[in-house]
1. Within the stretch 175-196, count every residue that is surrounded by 17 or more Cβ atoms within 10 Å (Cβ to Cβ) and either without any contact (Cβ under 8 Å) to a residue 12 or more places away in the chain or assigned to a loop (DSSP other than H, G, I, E, B) (or both).
2. Taking strands (runs of 3 or more DSSP E) that do not extend beyond the stretch 197-311, which have at least 3 residues that are more than 23 Å from residue 424 (Cα to Cα) and at pLDDT 95 or above?
3. So in the stretch 312-326, with the set limited to residues that are open to solvent by 50 Å² or more (accessible area, probe 1.4 Å) and either in a strand (DSSP E or B) or in contact (Cβ under 8 Å) with a residue 12 or more places away in the chain (or both), which one is nearest to residue 352 (Cα to Cα)?
4. Residues 309, 255, 294: which one is of a type outside the set (Asp, Glu), closer than 21 Å to residue 149 by Cα and in contact with a Ser or Thr (Cβ under 9 Å, 6 or more places away or on another chain)?
5. Between a first residue in the stretch 13-29 that is more than 9 Å from residue 69 (Cβ to Cβ) and a second residue that is of a type in the set (Gly, Ala, Ser), which pairs have beta carbons less than 9 Å apart while being 6 or more apart in sequence or on different chains?
6. Considering the stretch 213-234 alone, what residues qualify as being closer than 27 Å to residue 106 by Cα and either polar (S, T, N, Q) or surrounded by fewer than 21 Cβ atoms within 10 Å (Cβ to Cβ) (or both)?
7. Which residue out of 293, 329 is over 20 Å from the mean Cα position of the chain (by Cα) and either within 18 Å of residue 236 (Cα to Cα) or open to solvent by less than 10 Å² (accessible area, probe 1.4 Å) (or both)?
8. Quick check: anything in the stretch 445-460 within 17 Å of residue 392 (Cα to Cα) and open to solvent by 10 Å² or more (accessible area, probe 1.4 Å)?
Amino acid sequence: MKLERFKDPLPIPPVIKPKWKTSDYTYYEVSMKETKQSLHRHLPQTTIWGYEGMYPGPTFNVETGERVLVKWMNALPDKHLLPIDHTVHGAEKEKPDVRTVVHLHGGRTEPASDGYPDAWFTNGFAARGPFFQKEIFEYGNQQSSRALWYHDHAIGLTRLNIYAGLAGFYFIRDGHERLLNLPSGPFEIPLLLQDRSFHEDGSLAYPNQPENNASGITPSIITSFFGDTILVNGKVWPYLEVEPRKYRFRILNAANARFFRITLDSGQLFYQIGTDSGFLERPVGVNTILIAPAERVDVIIDFSNMGGASIILKNDAPTHFPIGERVSPETTGIIMEFRVTKPLSSIDTSTIPANSGPIKWLPANSSRKHRFLELSEEKDQYGRSIFLLDKKMWDDPISENPHLGSVEIWSFVNTNGDDHPIHVHLVQFQILERRPFDVGYYKKTKQVRYTGAGIRPEAGERSWKDTVRCPPGHITSIIIPFFPFTGQYVWHCHMLEHEDYEMMRPYQILPPR
């Protein structure tokens, strides 16, 4: 289906209001509902699943240290919008087809509120997963200013539930952020990037099997989903009218598997000021930013001298990054348009700060343990591709068990062709290096033979992170401090088809030694 670009204005998700607020906590109720929504003016309305019945869900604005309670409520129908492969672990036929649990991605959250994949629940909490503990989740927000996001995390269904619309922004604010005098209010805009495909009737199209389905299973999980349209905040190829001034954009890649490598066709710089888990020490001016699924970037674009211009935000990241097909310059190579057509409403006194404050860097020798963890592609019993972490399945015994208060280095040994974005729940980490190695030698001997020097993280990654790109043929090393909770969490690839089919593992934080 051919849809015209730049026909709809960019929607801005509303900020959710609490049910009540006391001196001790703020309480929200959020209901997941099925509804119809216009995703493009020339497309019939699309049935979606949304938090509070909207896609994306409403934005949370909370303060550092604010105790936030959220009752996440499943009010969805019993039948799923999309095809379920019941051979996928966690999505067996005897389980309810529609199950949800919410994960606050990047949050430093107690285990019972983290959205553990087996802590799912159905409509009205009628059925509950084996790890379900409570109806009301608690978020302590003991973190500095940053952009988190919330999304579904039900085991075996995450790719489908997020594709249906279950995702939204969650901003933590603090005084330091306000002192930086960044563009704010109407000049700070969230951009949630995804790709989707549609049927002629406007309904979401998601493949019920791979193109070459040798397994004979239908529906069958696919290795990765790539849509033929790009959506921003739930609109296909929207436009945004802006004033000739500086704007702050909080950009999230919420796609199932697509990487975005963004540029402005005007040749302007992005001034990147932050990443997943807070600010960089100082801004970096860059023409191009690569964003893997689940990564966030915090950028300022200066439209001051661009009055009357139309500027296109473009993407040139291949699918199955970095080895896949090139994007189409007319479709998936286009994200949205900025139109510098609004008159200046007030003098722009916001700034691009010279620096945002120091980061406490963790030296490699502060680590107690160094784990090498392979990212591999195997074949399942039906001959389909299956991606694994350290050659282990979800149900295998827990093998990563750091102690509370310890610091560890995790080195991800990528022996297959995909760049995998690895996310570790609860913690934030720093990237030490990526280093090329001899993949063939490793597969034969399980020994590492490096083929080059370590590569420092890119300038826009030199801060705290919660998701890291692990390119093929490289060992990507991160250093992680484990705090402030003990308990069971997960780590996984954030390409949703991968995490749904075994590329996810539990890990346990043990009491301090």
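The values are calculated or read from the model by the stated rules, or taken from the named source; none is laboratory data. The model shown is predicted, which means the values in this text are computed figures rather than measured ones. Using ideal geometry, Cβ is built from the backbone for each residue, glycine included, and neighbour counts are taken over all protein chains shown. Accessible surface is based on the protein model in full, side chains and every heavy atom, while ligands, DNA and RNA are left aside. Shrake-Rupley method; radii C 1.70, N 1.55, O 1.52, S 1.80 Å.
1. Total satisfying the criteria: 3.
2. On the way: elements: 229-232, 239-241, 246-253, 260-264, 270-275, 278-286, 289-291, 296-302.
Where strands (runs of 3 or more DSSP E) fall fully within the stretch 197-311 and carry at least 3 residues being more than 23 Å from residue 424 (Cα to Cα) and at pLDDT 95 or above, they are 229-232, 239-241, 246-253, 260-264, 270-275, 278-286, 296-302.
3. If we filter the stretch 312-326 for residues that are open to solvent by 50 Å² or more (accessible area, probe 1.4 Å), which is where we start, we get 314, 316, 320, 322-323, 325-326.
Adding the requirement that they be either in a strand (DSSP E or B) or in contact (Cβ under 8 Å) with a residue 12 or more places away in the chain (or both) leaves 314, 316, 320, 322-323.
Values: 314: 23, 316: 27, 320: 35, 322: 32, 323: 36 Å.
For the stretch 312-326, the residue satisfying everything is 314.
4. Details: 309 fails: closer than 21 Å to residue 149 by Cα; 255 fails: in contact with a Ser or Thr (Cβ under 9 Å, 6 or more places away or on another chain).
Unique residue meeting the criteria: 294.
5. So the pair list comes out as 13/57; 13/168; 13/234; 16/57; 16/168.
6. 223, 224, 226, 233
7. Working: 293 fails: over 20 Å from the mean Cα position of the chain (by Cα).
One residue alone meets the criteria, 329.
8. Checked the stretch 445-460: at least one residue is within 17 Å of residue 392 (Cα to Cα) and open to solvent by 10 Å² or more (accessible area, probe 1.4 Å).
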